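Note sheet for the following structure.
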Amino acid sequence: MKQTIITELLKRPIAYNAIVAKAVGSVKLGILWSQLYYWHDKTGNKEGWIYKTQKDIYEETGLSRKEQETARSIGRKLGMTEEKLAGQPATVHFRIDLLKTEKIIKDYFEKQVQGQIPLFGGEKKKKIKDDSDYKFDIFWKAYHPKRRVDKDKAIAKWKLLKPDQKLIDIILKDLEERKLTEAWQKENGKYFPHATTYINNKRWENEYKGEKMKEPDKEPFYRGEPMRKKFGKWYVISNGEWKIFADSEDKIEWRDKKND
């Protein structure tokens, strides 16, 4: 009984043109296109349109919804298949382009003859992993030490940016300018953006860098005694009197001015 069922099922194979799959590099499209080719002259449509539902294709080929969508997408891009909505309610109709398919297969054979494509498939080319970090370490070292968090996320954003040397120089210059701002210097950079945010928002493109940190007022001292400059000459208090400063200026000590 079982043998009879299997025998009956195998009496309905689909026509699969393996050369199509090889030429386009997709078994899914090879199966779908072959089935559409089988039907293209059997529908009675003079323009060659074929009406097939997703369920029809699954029943005939075994291709799942996702596999059908992949095959259809490749077919449209290569120009091997066309689609349109027709009827009431609107349903998908297919049409194959025999001339386009013939050209693709011909090109495939020519490339084999020229050695560009190995016979019998050959080894699948491995994708080369992009290990380039686009000099991320240079950026990371230049960034605010207290805002270097989530390094992996920052690297991912940096790789998406793919900065060339010109852009890296612009970013480094921007960071140098920002080192003078309150956001960078106050409270260990508490209000300075994390590195990932800086990259993601392209902060270097902002003309406004932030308020610059004000330099504290300084007062001159020499050996702990206050000094002042008058008529281009330095004076220092000695024994309670202002006297001309006779030492070199590099001996002057500058201290933050105390607010009264």
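Nothing in this text is a laboratory measurement; each read-out follows from the coordinates by a stated rule. Bear in mind that the values here come from a model prediction, so they are computed numbers and not experimental data. With ideal geometry, Cβ positions are generated from the backbone for all residues, glycine too; neighbour counts draw on all protein chains shown.
Which whole-angstrom value gives the distance between the alpha carbon centres of region 151-194 and region 224-260?
Between the Cα centre of region 151-194 and that of region 224-260, the gap is 42 Å.
Angle between the Cα long axis of helix 65-78 and the longest principal axis of the chain, 0 to 90 degrees, nearest 10?
80 degrees
As I understand it, the value is the acute angle between the Cα axis of helix 98-113 and the longest principal axis of the Cα atoms of the chain; what does it come to in degrees, rounded to 10?
Approximately 70 degrees, to the nearest 10.
State the extension gain, in nm to one decimal, for the chain segment bounded by Lys141 and Thr91, taking 0.36 nm per residue of separation less the distance between their alpha-carbons.
On the way: separation 50, 0.36 × 50 = 18.00 nm, distance 5.91 nm.
Working it through step by step, the gained length comes to 12.1 nm.
Taking θ as phi - 60°, what are the ³J(HN,Hα) couplings along region 242-248 by the Karplus curve (6.51, -1.76, 1.60), each to the nearest whole Hz, with x for Gly and Pro?
Karplus values, whole Hz, x for Gly and Pro: 7, 10, 5, 6, 9, 8, 6.
With a cut-off of at most 15 other beta carbons within 10 Å, and DSSP calling the residue loop, which GluC sites (Glu not before Pro) in region 165-230 qualify? Please list them.
On the way: sites: Glu176, Glu177, Glu182, Glu187, Glu205, Glu207, Glu211; in loops: Glu207, Glu211.
Here the sparse-neighbourhood loop sites are Glu207, Glu211.
Once the piece of chain linking Asp247 and Leu99 is laid out straight, how much longer is it, given 0.36 nm per residue of separation minus the C-alpha distance between them?
Values: separation 148, 0.36 × 148 = 53.28 nm, distance 9.64 nm.
Stretched fully, the Asp247-Leu99 segment lengthens by 43.6 nm.
Counting other C-beta atoms within 10 Å, which of Phe221, Phe139 has the fewest, and how do the rest follow? Let's see the in-between values first.
Details: Phe221 15, Phe139 22.
So the residues, fewest neighbours to most, are Phe221, Phe139.
What is the helix-to-structure angle for 27-39, meaning the angle in degrees between its Cα long axis and the longest Cα principal axis of the chain, kept from 0 to 90 and rounded to the nearest 10?
Value to nearest ten degrees: 40.
If you place +1 on the Cβ of every Lys and Arg and -1 on the Cβ of every Asp and Glu, how big does the dipole about the Cα centre of the chain come out, in debye to the nearest 20? Could the numbers behind the result be given before it?
Working: 57 positive and 42 negative charges, 74 e Å.
Computed about the Cα centre, the dipole is about 360 debye.
Under 25 Å from the Cα of Lys55, which lysines turn up, not counting those fewer than eight places away in the same chain?
Partners found: Lys11, Lys28, Lys42, Lys46, Lys66, Lys77, Lys84.
Taking R0 as 51 Å, what's the FRET efficiency between Lys162 and Val113 from their Cβ-Cβ distance, rounded to 0.05?
Efficiency computed from Cβ-Cβ geometry: 0.85.
According to a simple spin-label model (label point 7 Å from Cα along Cα-to-Cβ), what is the distance in nm between Ile237 and Lys190?
Each label point lies 7 Å from its Cα, and together they span 3.7 nm.
Which GluC sites (Glu not before Pro) in region 17-68 sit in a loop by DSSP (not H, G, I, E or B) and have at most 11 other Cβ atoms within 10 Å of their own Cβ?
On the way: sites: Glu47, Glu59, Glu60, Glu67; in loops: Glu47.
In loop regions of region 17-68 (DSSP not H, G, I, E or B), the sparsely surrounded GluC sites (Glu not before Pro) are Glu47.
Any idea which of Val27, Leu85, Gly62 is furthest toward the positive side of the dipole for the chain, if Lys and Arg beta-carbons carry +1 and Asp and Glu beta-carbons -1?
Result: Gly62, furthest along the dipole toward the positive end.
For a quick check: with amide H placed at 1.01 Å from N, whose amide H comes under 5 Å from Trp234's, ignoring anything fewer than 5 positions away on the same chain?
Phe245
Can you give the direction-averaged projected area of the convex hull of the alpha-carbon atoms in the chain, in nm²? Walk me through the numbers before you get to the answer.
Working: hull surface 128.5 nm².
Value for the chain: 32.1 nm².
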